[in-house]
1. Working from Cα positions, state the angle (0 to 90°, nearest 10) between the long axis of helix 7-21 and the longest principal axis of the chain.
2. To test your reading of the geometry: what angle, between 0 and 90 degrees and rounded to tens, separates the Cα axis of helix 44-56 from the longest principal axis of the chain?
3. From the phi angles alone, apply the Karplus equation (6.51, -1.76, 1.60; θ = phi - 60°) to the range 266-283 and give each ³J(HN,Hα) in whole Hz, x where the residue is Gly or Pro.
4. What is the magnitude of the charge dipole of the chain about its Cα centre, with +1 placed on the Cβ of each Lys and Arg, -1 on the Cβ of each Asp and Glu, and no other charges, expressed in debye to the nearest 20?
5. When you count, for each residue, the other Cβ atoms within 10 Å and take the mean per peptide, how do 237-249, 171-183, 315-327 rank with the highest first?
6. Please give the calculated 222 nm ellipticity per residue for the chain, where each DSSP H segment of at least 4 residues contributes -39500 (n - 2.57) and the sum is spread over every residue; nearest 500 deg cm²/dmol?
7. Give the residue from G111, F422, A377 lying farthest towards the positive end of the charge dipole for the chain; charges sit on Cβ (+1 for Lys and Arg, -1 for Asp and Glu) and the dipole is referred to the Cα centre.
8. Could you rank the peptides 251-263, 7-19, 431-443 by their average count of other C-beta atoms within 10 Å per residue, with the highest value first?
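The values are calculated or read from the model by the stated rules, or taken from the named source; none is laboratory data. For clarity, every value in this text was computed on a predicted model and none was experimentally measured. Glycine also receives a Cβ, built like all others from the backbone with ideal geometry; neighbour counts cover every protein chain displayed. Remember, those area values only see protein heavy atoms, side chains included, never the ligands or the DNA or RNA. Shrake-Rupley method; radii C 1.70, N 1.55, O 1.52, S 1.80 Å.
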Amino acid sequence: MDAARPLYRQFADRLAAAIRAGTLPAGARLPSVRQAARDEQVAVATVLQAYRALEDERLVQARPKSGYFVASAQRGQRPAEPATSSPPQAALAVDIASLYELMMQLNGAPGVVSLGAACPSASLFAEARIRRALSQATLRHRALLTQYAGGFGEETLRRAIARRALAMGLTLDARDIVATGGCNEALALCLRAVTRPGDTVALESPTSFGFLQILEAQGLRALEIPTHPRHGLSVDALALALQTQPVRALLAVPTLQNPLGGCMPVAERRRLAQLLARHQVPMIEDVIYNDLAERDEHRRAVKSFDSEGLVMVCGSFAKTVAPGLRVGWLEAGRHGAEVRRIKPAFGGGNTGVVEMAMAELLTQPGYEPGLRRLRRALAPRMAEARDLVAAHFPRGTRITDPAGGIMLWAEMPAGVDSLELFRRALALGICIAPGTMFSASDRYRHCVRLSLGGDWGDAQREAVARVGRLAQELAAEAARTPAAA
């Protein structure tokens, strides 16, 4: 045994060799973590780290409540995933509004196949159930139609949100929850409560273009932190940034990060909360995608490890229940009083009838089965789209493989300009999200995000393939162009 190599890596390499040799065939179940620890005479944590390393290499796969199994396809037969991002080390001003506006205008436009905006299709939701809940709320609470909404959301809704938060490991007091007009309002409120124009905010790289739009509107600077496509934000890189940069807040999506789809391991979420506590830096945690994660542990919020009220959690039900109702929420911990003070300046009022309808939808017995149906509907299209990217995009393209959600991130060869790809695709009636939208820098110009939450059929499948063929044309053109002197 090589004493210079970590024990987990030595164990992982032995298993990898057995898998590649066929000694452990596809579908074979690996020993349980505890059994392997006993057999190898190592710690449980060592075995778990080895199994996770093999997961990253696509040699094994975890099945909830069943254990670890040899994957059905070897790494060499699957497209590679992008590496951990390497963003600029300096904080940058943000200018993303024009691309964001165009993207939202194109979503749902006649004659356009939209693979750009992360907006779920109406076909994914129980429209009749939503309509009934809204009608019943209007009848039962019709007095709310002729009144200004008071307070920070209907008490019934806030209690329902507090109950739903238990699934994320959170025990929230309904009185501390503030209802908002969607998740973006919640995020903007929390940022405004803890920063001032010119301050630096740390966030994942690449990151949501919605986040960049909020930072731009508030005059904040973005400090991008390296992010792994499977495990999310690098806590070690953030720790270095907190020691060397004047970071006033962290804005992050630990579950199904947008656009990479990474999910931070539970141990890293705990480390993150501890790191923030040491530096007394607040975090704005976006949990909008938590209910779409395939694994229960990925739904646990970082805030569940926060003992000092530094983590401000924000969410909505636009991706899981009813996009059109525009109901969001936040719980701001120690900054709750400041959020309540400034909320009237952000529009202030809520819509009581809509909130009562959402409360009904959240407490109905069909809520959990509805989430399971939604996850089952999305998983096959994600796999199919990933196969289409692998088949039609330029050789060497890397593709994320998230554990749930509605988006894929494709990292193409460096010569492929995603803005030019965006223009050519749009000329064919196809909208994609170029990588430049997901950073304050020009770092991801050769990347695209494909959103798969909209309609999915032959037109969308052909659109993915056509975008891939366009990308191949751009790659060929770049190969024929002499390098600049």
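1. That helix lies at roughly 70 degrees to the long axis.
2. 90
3. 4, 4, 6, 5, 5, 4, 5, 4, 5, 4, 4, 5, 4, 9, 6, 10, x, 10
4. Approximately 940 debye in magnitude.
5. Descending mean neighbour count gives 315-327, 171-183, 237-249.
6. -12500 deg cm²/dmol
7. The residue sitting farthest along the positive end of the dipole is A377.
8. 251-263, 431-443, 7-19
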